Every structure is written in C-alpha cells, then in structure tokens.
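A.B. asks: Can you keep this structure in mind? I'll have questions shortly.
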Amino acid sequence: METTKTFQELGVSEEILRALEKKGVAMPTRVQEEAIPPLLAWRDVIAKAPTGTGKTFAFGIPMIEHIDPQSDDLQGLILAPTRELAIQIADELRGLLTFYKDIRVTVVYGGQRLEPQIRSLQQHPQIVVATPGRLMDHYNRKNLRLDRIKTVILDEADRMLDMGFFDDVTKILDRILADGTPKEVFPQVELLESVGLTVPATTKVLYALNQAGFDLPLDALSTEECAQVLLAAIRAKT
C-alpha cells in the first residue's frame, strides 16, 4: 500500500521538512503517514511495522514537535532494550534536529561510565533516549526527574520484557503517570499479541498498524487505559 500524503500534508514543521530534505527523505512511509497525525494530536498509538520502515521518524517527529525549547525540563523519554538501538535512535533524532537550536538529546545506557552521562544530563536535555536499567540508575541517583515528561515511547517493548526489564519498565511508567499529566505511549503491537490480550474499546481512534498493510483499525485507548493494558501485558508475560 503506497503513501498518499506528503510530510507537509501531515502537518510537520518547516524545520523538520528541511531536515528531511537534507537527509533525502521525500515521502513518508506507511507507518509514518498513519502514526504521525494521531501522535501530533496527543493520541495514544500502538504501532507495528517491519524493520526499516521508519518507525523512529514516526514517533520522533511528533515528539520533537511537542517539545518546548524554552523549557529545560525533560519532556520526552524513549526507552529501548539495547544500547545499540538507543544510540541509533538518538542519532536519528539529532538528524531531525539539524535546524533546531535549543532542543537537546541525550542517550544513556549501561556499559558506559556514569560520569559522562551525568555531565550530559546536567545540560538539561529535553529528550532522553535510554535503556531501562540505566535510566533507573540515574533516577535513583537523582540525576534526572521524570515528573515533567509529556511523551513516552517504548520501542521494541516486547524485547525489553524478554530481556528482563519488567521491574524497571513498570517503575518508570508508574512514576511518569503518577502526576496525571497526559502522556503518549507507543509500544509495539507484538507485546499485546504475544500475551493474547484484547485491546478494550473506547470512543477515540487508535491506529494499530500491522505488517499486512497497516490497516488494522481499533477503537482508541485513553492514556490511562493504554498504560493499564501495557502493564497488564507486562505482568502477564512475566
């Protein structure tokens, strides 16, 4: 199924359009076309797409658009299961930020000394890409705050569970959701499918994209319901 809209028609900013042009990206992929509009509208999205279809841009572009560059608060968090994926995501986000001056991205992961990461966090990044264990390590050391986060991305959430990050992921989500601020959650559909959960229906629109054409429509989840389903899936799998 081919895309039918341009990035401009999806409503992204001029800065993002210029960055995409510089990277030679002319048209959105299907997952980008389907996910960017609801994420820009602050809806919760669960998406599944093959490797190489641009999922990072699908969630990264809306996250960047929502950042307040005048604020030093940590506003966007992306969790990834491995340091390699975390580094890759951060690099792709920095490419999208070519024409932004005041939005900073930091990546933190295990296997690296804490001190360079602490210095990077002291620069007040608005976006952090992290592996769950190292993020909790920094949180417990009070190197960062989670209470001002507006957007949460769980990339390859099912793989994070397989790697034993259950406790860290649930603690992170519990702390972020505790203040009641609206959040986005972008877990992989495989997580729900792997435990046989049926997504409960509510009144809004949720785009669940499958590999066979990205055309699996489901009724929407509220932020709270999305978090509840995700946590239920995590607990069911452990």
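A.B. asks: Which of the trypsin sites (Lys or Arg not before Pro) found in the stretch 11-73 are in a DSSP loop and have at most 13 neighbouring Cβ atoms, other than their own, within 10 Å?
C.D. replies: Lys23
A.B. asks: Within the stretch 1-60, list the GluC sites (Glu not before Pro) lying in a DSSP loop whose Cβ has at most 10 other Cβ atoms in a 10 Å radius.
C.D. replies: Answer by residue number: Glu2.
A.B. asks: Taking neighbour Cβ counts within 10 Å as the exposure measure, how do Met163, Met63 sort from fewest upward?
C.D. replies: Met163, Met63
A.B. asks: Turning to a different aspect of this structure: Which of the residue pairs Lys23/Lys142; Lys48/Lys142; Lys23/Lys171; Lys22/Lys142; Lys22/Lys171; Lys101/Lys142 have a Cα-Cα distance greater than 32 Å in the structure shown?
C.D. replies: Lys23/Lys142; Lys48/Lys142; Lys23/Lys171; Lys22/Lys142; Lys22/Lys171
A.B. asks: Using 7 Å Cα-to-Cβ label points, what is the Thr6/Lys101 separation (nm, one decimal)?
C.D. replies: 2.7 nm
A.B. asks: Further question: Among Phe57, Phe99, rank each residue by its count of other Cβ atoms within 10 Å, from fewest to most, as a rough exposure measure.
C.D. replies: Going from least to most buried by this count: Phe99, Phe57.
A.B. asks: Can you pull the Rg over Rh of the stretch 84-163, Cα-only, Kirkwood?
C.D. replies: 0.94
A.B. asks: Compute the length gained on full extension between Asp68 and Ser13: take 0.36 nm times their separation in residues and subtract their Cα-Cα distance, giving the result in nm to one decimal.
C.D. replies: Contour length minus the Cα-Cα distance gives 18.4 nm.
A.B. asks: Please report, in whole Å³, the volume per residue of the convex hull around the C-alpha atoms of the stretch 1-98.
C.D. replies: It comes to 116 Å³ per residue, whole-number rounded.
Read-outs throughout are calculated quantities, based only on the coordinates presented, and are distinct from any laboratory measurement. Bear in mind the structure is a predicted one, so any value in this text is a computation, not a measurement. Cβ coordinates were reconstructed from backbone atoms using ideal geometry, including for glycine residues, and neighbour counts include every protein chain displayed.
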